[in-house]
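Colleague: Here it is: the structure, laid out below.
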Amino acid sequence: MSNNPKESGNTIKVAIIGALASIAVAFITANYKAKKEVKAEAATQFESQTAKIDERLNQLNLSAGGFVAIDGTLSRSSGGLAFDTKKTATGRYTIRFKKPLKVKPIVVATSNGGKQGARVIVESLTLQEVYIESRRYSDNGDADSAFHFIAVVPN
């Protein structure tokens with residue numbers, strides 16, 4: 001060590017900066033590991049909740065769901081029950097289950113608004129078909145509209 005006070009002061013400053021840097025690295029490393037553990041725990045909880053939701057949906061006998069385009073074609077679908085869709089007239093659509101159900105399903109449909117600000121209505125249903133109407137908000141007239149739907153068969 002030098003007898004020069006200026007050099008001794010610089011040596012102490014360097015030692016302090018080095019010690020602070022070591023503490024900062026240790027803190028950052030510990031913080032990173034803690035965040036990683038929290039993320040892993042959150043992922044585990046998410047997977048557990050997803051499994052519970054899937055189990056509950058299976059108990060509901062989720063039958064069918066999908067997105068029907070404005071022309072009546074089925075763009076996306078899910079569920080274990082086979083079905084097809086078609087547009088029968090302006091603002092009129094039919095969802096047909098390939099095999100008749102044992103009980104009438106619970107059906108919910110939502111519009112994307114169409115070209116004229118439309119809403120969709122589950123007009124009626126049978127054991128094999130669901131009839132959807134699309135109507136303008138402005139005057140309640142028939143209007144084409146794409147829509148999402150889900151059909152659940154109650155236990």
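Colleague: Need the failing condition index for Met1 against (1) at pLDDT below 75; (2) under 44 Å from the mean Cα position of the chain (by Cα); (3) of a type in the set (A, V, I, L, M), just the number.
Modeller: Checking Met1 against (1) at pLDDT below 75; (2) under 44 Å from the mean Cα position of the chain (by Cα); (3) of a type in the set (A, V, I, L, M), the one that fails is (2).
Colleague: Follow-up question, since we're still on this one. May I ask you to list the residues in the stretch 116-155 that are hydroxyl-bearing (Ser, Thr, Tyr), in contact (Cβ under 8 Å) with a residue 24 or more places away in the chain and farther than 14 Å from Ile106 by Cα?
Modeller: If the condition is that a residue be hydroxyl-bearing (Ser, Thr, Tyr), in contact (Cβ under 8 Å) with a residue 24 or more places away in the chain and farther than 14 Å from Ile106 by Cα, then Ser134, Ser145 are the ones that fit.
Colleague: Something else: Report, by residue number, each residue of the stretch 96-121 that is closer than 19 Å to Arg76 by Cα and open to solvent by less than 70 Å² (accessible area, probe 1.4 Å). It would help to see each step written out before you state the result.
Modeller: Initially, the stretch 96-121 is screened for residues closer than 19 Å to Arg76 by Cα, giving 96-98, 107-114, 120.
Within the stretch 96-121, Phe97, Val107, Ala109, Ser111, Gly113, Gly114, Val120 meet the criteria.
Residue by residue, here is whether (1) within 17 Å of Phe67 (Cα to Cα); (2) modelled with pLDDT under 90 holds:
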{"site": "Tyr93", "(1), (2)": "yes, no"}
{"site": "Lys99", "(1), (2)": "no, yes"}
{"site": "Gly117", "(1), (2)": "no, yes"}
{"site": "Gln128", "(1), (2)": "no, no"}
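Colleague: Which pairs turn up if I take residues in the stretch 32-61 that are surrounded by 10 or more Cβ atoms within 10 Å (Cβ to Cβ) and look for partners that are modelled with pLDDT of 70 or more with beta carbon separation below 6 Å, at least 6 apart in sequence or on another chain?
Modeller: Cβ pairs passing all conditions: Leu60/Val152; Asn61/Val153.
Colleague: Is it the case, given these coordinates, that Gly79 is closer than 29 Å to Asn140 by Cβ and either β-branched (Val, Ile, Thr) or at pLDDT below 90 (or both)?
Modeller: Spelling it out, it is not the case that Gly79 is closer than 29 Å to Asn140 by Cβ and either β-branched (Val, Ile, Thr) or at pLDDT below 90 (or both).
Colleague: Sticking with this structure for a sec: Name the residues in the stretch 131-155 that are part of a loop (DSSP other than H, G, I, E, B) and crowded, with 17+ Cβ neighbours inside 10 Å, would you?
Modeller: Ala143, Asp144, Ser145, Ala146, Val153
The values are calculated or read from the model by the stated rules, or taken from the named source; none is laboratory data. Since the structure is predicted, the reported quantities are computational estimates derived from the model, not experimental observations. Counting neighbours? That spans all protein chains shown, and the Cβs are built from the backbone with ideal geometry, glycine included. All accessible areas refer to the heavy atoms of the entire protein, side chains included, with ligands and DNA or RNA removed. Shrake-Rupley method; radii C 1.70, N 1.55, O 1.52, S 1.80 Å.
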